[in-house]
Amino acid sequence: MTWIFVLLLVTGVKVPDAEQIVGQPQGPVVSGPMLDQQTNEIAGLLRCPVCQGMSVADSPSEMAVNMKHQVRELIARGYTREQILRYFERSYGQFVLLKPKFQGVNTLVWILPILALGVGIFAIFSMMTKGGDGQPVDQPSVDEDPYLAEVRKLTGKQS
Amino acid sequence: MNRVVLIAGILITVALVLVLSAGLGKDPQHIESPLIGKQAPDFALQAVGTHETIDLAKFRGKPLVVNFWATWCRPCYEEHPVLVSNAQMMQGQVQFLGVVFQDKEEKIQGFLNERGSAYPTLVDDAGKTAIAYGVGGVPETFFLNKDGKVVAKFEGPIDPDSLQQNIRKAMTQ
């Protein structure tokens with residue numbers, strides 16, 4: 001990694017740096033197997049921009065490989081998961097996050113299925129009981145069935 | 001009670017249909033650039049041929065067209081003459097820059113020798129500049145105003161009308 005920095009200094013080449021975008025690293029410097037593990041974990045949260053629904057961790061495309069290298073470099077410098085996600089989000093927007101954030105219109109994506117499930121359970125429950133008053137379906141109340149009430153009146157039989 | 005369930009069901013269905021239909025007309029590969037209205041990420045890269053390091057900051061005060069491309073990209077062949085002719089036509093008023101990534105310098109040089117060039121072409125070795133600009137595929141063209149702010153992004157091979165329209169934006173915003 002050091003030779004790249006030396007080369008950049010010698011040639012005067014400057015690439016956009018994370019520090020300008022997300023500030024100083026806020027985590028510990030990571031190396032060894034932990035670095036590989038965290039790289040895969042964070043790259044798995046990023047969408048490969050040139051693929052169809054694949055993560056940066058899974059895609060073999062050169063773009064994804066470059067992004068994964070950058071994730072690795074940022075972790076090694078001590079950037080946290082949140083900082084790294086924010087760094088990529090600044091360039092690609094929320095498109096790059098495989099898991100949408102709980103904000104704005106995205107809130108509906110999280111809430112609607114839970115709400116639909118709740119309404120479904122409530123609907124099934126209310127169908128199993130009559131009008132929710134605890135009476136079984138096969139025993140309709142007299143108030144709701146005038147024909148049955150008339151039959152009971154004629155036969156003199158009460159429910 | 002059943003009426004409440006029915007209304008709630010209809011409301012949820014309508015909301016779900018609205019959310020899903022909002023995404024139906026969109027190209028899944030289209031990335032809305034969050035950089036528009038923001039300061040463009042700074043870079044200084046080596047130019048193909050001369051190996052001179054060219055700093056983006058050097059062009060502050062002039063509208064800038066930054067075109068990301070590669071020799072393996074077929075649509076880039078299509079837009080190259082459009083960019084070259086407009087760069088020649090607008091020389092002095094607008095600065096054009098080409099940024100090539102995921103490519104080899106000899107191939108880029110061959111391409112430029114064969115098809116001509118009118119502005120510096122820079123090499124983005126590890127693709128870091130492309131990533132900082134949120135490039136999802138080539139070609140992509142960014143338009144910066146004289147203060148270095150991104151005013152527009154164009155995906156795909158640019159046509160003369162779109163190029164002129166976006167240059168006007170860069171000159172006026």
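When N counts the residues of chain B, how does its alpha-carbon radius of gyration compare numerically with 2.2 N^0.38 Å, as a ratio?
On the way: Rg = 20.6 Å, N = 173, 2.2 N^0.38 = 15.6 Å.
Cα-based Rg divided by the globular estimate yields 1.32.
Is there a simple number for the mean count of other chain Cβ atoms within 10 Å of the Cβ of residues in B:121-130, and what is it?
Details: counts 0, 1, 1, 3, 6, 7, 8, 9, 4, 7.
Whole-number average of other-chain Cβ neighbours for B:121-130 is 5.
Compute the angle between helix B:2-24 and the longest alpha-carbon principal axis of chain B, please, reported from 0 to 90 degrees and rounded to the nearest 10.
Result, in degrees: 10.
Could you state the principal axis extents of the C-alpha atoms in region B:83-151, from the largest down, to the nearest angstrom?
31, 29, 15
Based on the mean of other Cβ atoms within 10 Å per residue, sort peptides A:122-129, B:118-125 so the most packed one is first. Walk me through the numbers on the way to the answer.
On the way: A:122-129: 13.1, B:118-125: 20.4.
In decreasing order of mean packing, A:122-129, B:118-125 become B:118-125, A:122-129.
Find the Cα radius of gyration of region B:46-99, compare it with 2.2 N^0.38 Å by division, and give the number to two decimals. Provide the component values of the computation, followed by the final result.
Working: Rg = 12.0 Å, N = 54, 2.2 N^0.38 = 10.0 Å.
Relative to the 2.2 N^0.38 Å estimate, region B:46-99 comes out at 1.20.
Looking only at other chains, what is the average number of their beta-carbon atoms within 10 angstrom of each beta-carbon in A:112-120?
Numbers: counts 6, 2, 0, 5, 6, 1, 2, 9, 4.
Per residue, the average neighbour count from other chains is 4.
Quickly estimate the mean residue ellipticity at 222 nm for chain B, helices only: each DSSP H run with n ≥ 4 gives -39500 (n - 2.57), and the total goes over all residues, rounded to 500. If you can, show how the numbers build up before the last one.
Details: 5 runs with 68 residues, N = 173.
That calculation yields -12500 deg cm²/dmol at 222 nm.
Across all directions of projection, what mean area in square nanometres is found for the Cα convex hull of the protein assembly as shown? Mind showing how you got there, number by number?
Values: hull surface 100.5 nm².
Here the figure is 25.1 nm², rounded to one decimal.
Taking every residue in A:91-97, how many Cβ atoms of other protein chains lie within 10 Å of its Cβ, on average? Can you show the working numbers first?
Details: counts 12, 10, 6, 2, 9, 5, 0.
Partner Cβ neighbours, averaged per residue: 6.
Toward the positive end of the charge dipole of the protein assembly as shown, about the Cα centre and with charges on Cβ (Lys, Arg +1; Asp, Glu -1), which of A:Leu35, B:Val65, B:Ile10 goes farthest?
The Cα lying farthest towards the positive end belongs to B:Ile10.
Hey, for a label at B:Met89 modelled as a point 7 Å past Cα toward Cβ, could you say which residues of region B:114-141 have their backbone N under 17 Å away?
B:117-119
Along the three principal axes, how long is region A:2-96 when you take its alpha carbons, biggest first, rounded to the nearest angstrom?
So the extents along the principal axes, rounded to whole Å, are 39, 27, 23.
Run through the DSSP bridge list for the protein assembly as shown and note the antiparallel percent, rounded to the nearest 5. Could you put the intermediate results ahead of the total?
Values: 21 of 31 bridges.
Restricted to the protein assembly as shown, the bridges split so that about 70 percent are antiparallel.
From the C-alpha coordinates alone, can you work out the Kirkwood hydrodynamic radius of region B:115-173, in Å?
Working: mean 1/r = 0.0781 Å⁻¹.
For region B:115-173, the Kirkwood estimate is 12.8 Å.
Here, each number is a calculation from the coordinates, and none is a lab measurement. Small disclaimer: the values here were computed from a predicted structure and weren't measured. Heads up, the Cβs are rebuilt from the backbone with ideal geometry, glycines too, and the neighbour counts pull from every protein chain shown.
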